[in-house]
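Read the structure below first, then the notes.
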Amino acid sequence: MSPNSPLTILQQARARHAERARQGIEEKGMSKVRRTFYKSLPVPYPSTFLSPLADPSTIKVNRIDFAKSPLKEYKKCFAVVLDDVLSKEECEDLMKFAEMSVGAHGNAPTPAEGESESERSEREALTDPEDDGWKPALVNAGRNYEVLAVHYRNSDRIIWDEKEVVGRIWKRVLQAEGMSEYFGRLSGEEYVPVVGGSALYKSEVRVVTDQGLNERMRFLRYGPGQYFKEHCDGQYETEDGLSESFYTCHLYLNDSAQVLGIPPGSELDSADLLRGGATTFHSVKRDHRMDIDPKIGRVLIFQQRRLLHSGDEVLSGLKYTMRSDLMYRYELTGVPEDDDDGAIDFGVVDT
């Protein structure tokens with residue numbers, strides 16, 4: 001996002017809450033801004049985990065046609081639902097590995113002989129077997145600061161940084177029909193709603209990174225009464241500034257009563273069954289909506305610009321998802337081979 005780009009709704013909220021918290025102003029449902037640091041423990045997952053599918057045709061592709069929906073204002077926006085990207089067993093294993101990344105399931109590091117006070121503090125910070133490592137999800141306030149704002153975002157979270165795993169998930173997505181062609185290169189009028197009009201006029205081209213997804217996986221758990229209010233996702237930019245996100249990727253890790261077709265109060269209904277918790281796209285006036293219900297192994301990918309959405313309140317049971325960002329780098333084009341910059345070699349930015 002360029003320095004002159006308008007702030008998204010979420011970015012405005014983050015900036016406002018961060019400034020008020022820095023001034024020591026208390027807000028209902030909010031804590032003061034805190035500096036956060038995340039580091040993941042090594043997880044011994046199998047080398048065969050999330051191997052490519054032998055038959056990719058099992059992935060069902062449903063690109064959302066907003067023009068034929070109640071949300072016609074998003075008719076040029078992109079969102080796609082992919083079903084059966086991961087199996088039930090793979091989703092369960094992925095969630096367990098995420099919990100292991102914060103010290104659960106016997107994966108806690110043991111004290112080293114002669115451990116210093118700082119080493120002990122770091123080890124304890126990485127180890128949280130209580131509740132399998134789930135902690136209240138915070139809202140990003142910028143520059144490694146976050147704030148607890150339960151009136152706006154109310155859920156639990158585990159952050160797991162793992163390049164290899166996200167790369168394998170992304171390769172699964174690319175096995176779905178048409179996904180490699182669509183996501184590989186953002187160039188031309190089709191992608192203006194995704195990247196902005198200025199990119200077209202400047203002949204800017206973005207290509208997806210080799211890894212695809214941001215290595216930072218945010219595993220989210222929503223219980224009864226928990227939610228994520230309406231917002232537009234902000235873009236994620238790497239610290240070196242060489243790549244940024246344009247799409248959000250949601251992976252649903254368990255089924256909901258909605259997709260299972262189990263009515264409330266029926267014989268198959270139970271208090272443990274997830275009910276509610278849809279990812280909901282909203283019209284700007286909030287008078288129309290479209291629900292994407294949780295289904296195990298389902299992936300929802302949508303552009304981060306303009307699409308107002310929320311995590312609908314969970315009515316019963318628990319909802320588990322994993323969220324990440326789809327990352328792109330610039331492809332520099334139209335630069336003369338010989339220029340006045342001497343030793344500077346212009347080319348494709350390597351991430």
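Of the residues Val102, Val81, only one is modelled with pLDDT of 95 or more and either in contact with a Lys or Arg (Cβ under 9 Å, 6 or more places away or on another chain) or assigned to a loop (DSSP other than H, G, I, E, B) (or both); which?
Sole residue among the options that is modelled with pLDDT of 95 or more and either in contact with a Lys or Arg (Cβ under 9 Å, 6 or more places away or on another chain) or assigned to a loop (DSSP other than H, G, I, E, B) (or both): Val81.
Please work out if Gln226 is under 30 Å from Gly106 (Cβ atoms) and polar (S, T, N, Q).
Judged against the criteria, Gln226 is a match.
Here is a yes/no grid of residues against (1) under 28 Å from Lys72 (Cα atoms); (2) in a strand (DSSP E or B); (3) not hydrophobic (A, V, I, L, M, F, W, C):
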{"site": "Asp269", "(1), (2), (3)": "no, no, yes"}
{"site": "Leu273", "(1), (2), (3)": "no, no, no"}
{"site": "Arg286", "(1), (2), (3)": "yes, no, yes"}
{"site": "Ile301", "(1), (2), (3)": "yes, yes, no"}
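Of the residues that make up region 220-227, is at least one at pLDDT 95 or above, of a type in the set (D, E, K, R) and assigned to a strand (DSSP E or B)?
Within region 220-227, one or more residues are at pLDDT 95 or above, of a type in the set (D, E, K, R) and assigned to a strand (DSSP E or B).
So which residues in region 97-115 are out of contact with any Phe, Trp or Tyr (no Cβ under 6 Å at 6 or more places or on another chain) and crowded, with 16+ Cβ neighbours inside 10 Å, if there are any at all?
Once the filter is applied, which keeps residues that are out of contact with any Phe, Trp or Tyr (no Cβ under 6 Å at 6 or more places or on another chain) and crowded, with 16+ Cβ neighbours inside 10 Å, region 97-115 yields Glu99, Met100, Val102, Gly103, Ala104, Asn107, Ala108.
Consider only pairs whose beta carbons are under 9 Å apart and that are at least six residues apart or on different chains; among these, list those whose first residue lies in region 193-214 and is crowded, with 17+ Cβ neighbours inside 10 Å and whose second residue is of a type in the set (Val, Ile, Thr) and part of a strand (DSSP E or B).
What qualifies is Ala199/Val205.
Applying the selection to region 31-63, what residues are surrounded by fewer than 13 Cβ atoms within 10 Å (Cβ to Cβ) and in a loop (DSSP other than H, G, I, E, B)?
Phe37, Lys39, Pro42, Pro44, Pro46, Ser47, Thr48, Ser51, Pro52, Ala54, Asp55
Looking at region 245-262 only, could you name the residues that are part of a loop (DSSP other than H, G, I, E, B) and free of Cβ contacts under 8 Å to residues at least 40 places away in the same chain?
Correct list: Gly261, Ile262.
The values are calculated or read from the model by the stated rules, or taken from the named source; none is laboratory data. For clarity, every value in this text was computed on a predicted model and none was experimentally measured. Don't worry about glycine lacking a Cβ; one is built from the backbone with ideal geometry, like all the others, and counts go over all protein chains shown.
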